[in-house]
1. Return the only residue of Leu162, Leu172 being in a strand (DSSP E or B), in contact with a helix residue (DSSP H, G or I) (Cβ under 9 Å, 6 or more places away or on another chain) and surrounded by 15 or more Cβ atoms within 10 Å (Cβ to Cβ).
2. Determine, yes or no, whether Leu100 is part of a helix (DSSP H, G or I) and surrounded by 19 or more Cβ atoms within 10 Å (Cβ to Cβ).
3. Just one of the numbered conditions (1) touching a Phe, Trp or Tyr at 6+ places or on another chain (Cβ under 9 Å); (2) assigned to a loop (DSSP other than H, G, I, E, B) is not true of Leu89; which one?
4. Within the group Tyr138, Tyr133, which residue is under 30 Å from Ala66 (Cβ atoms) and assigned to a loop (DSSP other than H, G, I, E, B)?
5. Quick one: Pro83 ticks every box in (1) closer than 12 Å to Arg188 by Cβ; (2) in contact with a Pro (Cβ under 8 Å, 6 or more places away or on another chain) except a single one, so which number is it?
6. Tell me, yes or no, whether the range 141-154 has at least one residue that is modelled with pLDDT of 90 or more and not in a helix (DSSP H, G or I).
7. Looking only at residues in the range 122-140 that are surrounded by fewer than 17 Cβ atoms within 10 Å (Cβ to Cβ) and either within 20 Å of Ala95 (Cβ to Cβ) or among the basic types (Lys, Arg) (or both), which one is modelled with the highest pLDDT?
Amino acid sequence: MPAAGEPLRQPRLGLRQVAVGNGDLLKPEFGTPASDVAPEPGPINDFLGRTLLHTPHHKRTLNLAAEADTLALGRAIAAGLEPGMVVHLRGDLGAGKTTLARGILRGLGFDGRVKSPTYTLLEPYKFSRLYLYHFDFYRFLDPRELEESGFREYFNPESVCLVEWPEKAPDLPAADLDIALSVAVEGRTAELAAHTEAGRRCLDRLTD
C-alpha cells in the first residue's frame, strides 16, 4: 500500500509490472501498437492457378454505335487473348453477346459460320495457337448441370473460354475479362472489367 499522501500508481497497459526506477525494463511487452490501417489482403488464386485482382479497378466503357463497332471490339479483344483466359459475356437477349463472340473469332482468323450455342451449350473452335470454347448457359436450370455435363474440364490453362450467361452457372471459374453489353439509345454500350493481370493486359491493348 502506498504511504499516506502518496498518489496511487496506475499500471500502464502493455508494460511489464516492474519496480519503480528500473527504467530499462519499461518497454512494451507486445511490440509496437497495432496500426489502425488494415493490411493489404494476400493474393487470391483460383483452381486454374490465376491470381485474381482484389477489385476490378481496371475498367473501360465503350459506346458501340453499330454492329460493325461490336465486331471491331471483338477483333481488338482477340489480339490480347492468352491461353487459359476466361471471358464472361453478359447482357439481355439481343444485347450483342454472340455478335461480340463472332468478332473475337474473326479476329482469331475464323471465317466460317459462328452459331450461338444456345441449344448445343458449347461450340468448340481449334486454332493454331489455342483452343477456344464458346459456351451459352442460358438454358441451364440447375447449377449442378455444369459438373454433370463435364464442361468443367474445358476450363484449363491451354484453352480460352467465352461464356454467355455465366450467371446461370455460378460455379464457373472467375473471369479474366468481364464484358457487360446493354442496348443504348444509339447502338450498344460495353462495360469491360479486368479481374486478373491477363485481363488487364488484354484491356490495355484496346483503343477507342
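The values are calculated or read from the model by the stated rules, or taken from the named source; none is laboratory data. Treat the numbers as computed from the prediction; the structure is a model and nothing was measured. Here Cβ is always computed from backbone atoms with ideal geometry, including for glycine, and neighbour counts include all displayed protein chains.
1. Of Leu162, Leu172, the one residue that is in a strand (DSSP E or B), in contact with a helix residue (DSSP H, G or I) (Cβ under 9 Å, 6 or more places away or on another chain) and surrounded by 15 or more Cβ atoms within 10 Å (Cβ to Cβ) is Leu162.
2. yes
3. All conditions are met except number (2).
4. Only one candidate passes the filter, namely Tyr138.
5. Unmet for Pro83, out of (1) closer than 12 Å to Arg188 by Cβ; (2) in contact with a Pro (Cβ under 8 Å, 6 or more places away or on another chain): (1).
6. No, that holds for no residue.
7. Only one residue fits best here, namely Tyr138.
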